[in-house]
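Read through the structure below, which is laid out as structure tokens, and then see the notes.
The values are calculated or read from the model by the stated rules, or taken from the named source; none is laboratory data. All values derive from a computational prediction rather than experimental measurement. Cβ sites come from the backbone with ideal geometry, for glycine too, and all protein chains shown count toward neighbours.
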Amino acid sequence: MTSFLEKLNEKLGKTVTQTAKPEGGETAGPEVARQEVFTKNTDLPADIYQNPTHIIVYIPAAGVHPQDFEVVLDEEHDLLTIRGLRTRPQDVAGIEKDEDGHFISQECKWDSLFRKIILPAEVDPSRVEAIFTKGVLVIKLPILKPGEGVKLRVKEVESPAKTVQKAT
């Protein structure tokens, strides 16, 4: 059986180790390592909220256009990957950047953005929603109840024989 840390390392593509508890010399379990993954600052800082029915991810992303986001839920429905692109406006207030000017300070990140979030529960991929409002990407992920599975829609076809091809 794969341990939580092994699964975490595989999903994130890096090594995550158990960490020491603040008081005492004991090592903390995988839950502490998991919490660090949730709270570690990355290119896309996020607030992750959970209630009994949903996980909601809030990502402030001023300067990113909604069409420049790619949000992917993995095949196991427990890893969310967010990619985005933030580009600096070339013409600000009618003044173009030219050879005679220079930046006094550059604190903003103007390029590709990336974030992986391990979800604390499996979610229903058919009901996931992502919206962008007032510079914030909000991803609403309905939690699957244990043993619930994903409900599939059954489509009717006129004749199954028409869809089967004979091997020659």
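Quick look at the values:
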read-out	value
Hey, Leu113 on the phi < 0 side of the Ramachandran plot and either modelled with pLDDT of 85 or more or of a type outside the set (A, V, I, L, M, F, W, C) (or both) or not	yes
Members of region 98-122 that are among the aromatic types (Phe, Trp, Tyr) and closer than 21 Å to Asp47 by Cβ	Phe114
Residue within region 121-133 that is outside any loop (DSSP other than H, G, I, E, B), exposed (fewer than 10 other Cβ atoms within 10 Å of the Cβ) and modelled with pLDDT of 80 or more present	yes
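This table checks each residue for (1) of a type in the set (D, E, K, R); (2) touching a helix residue (DSSP H, G or I) at 6+ places or on another chain (Cβ under 9 Å).
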| residue | (1), (2) |
| --- | --- |
| Asp47 | yes, no |
| Ile55 | no, no |
| Ala62 | no, no |
| Gln67 | no, no |
| Val72 | no, no |
| Asp78 | yes, yes |
| Arg86 | yes, yes |
| Gly94 | no, no |
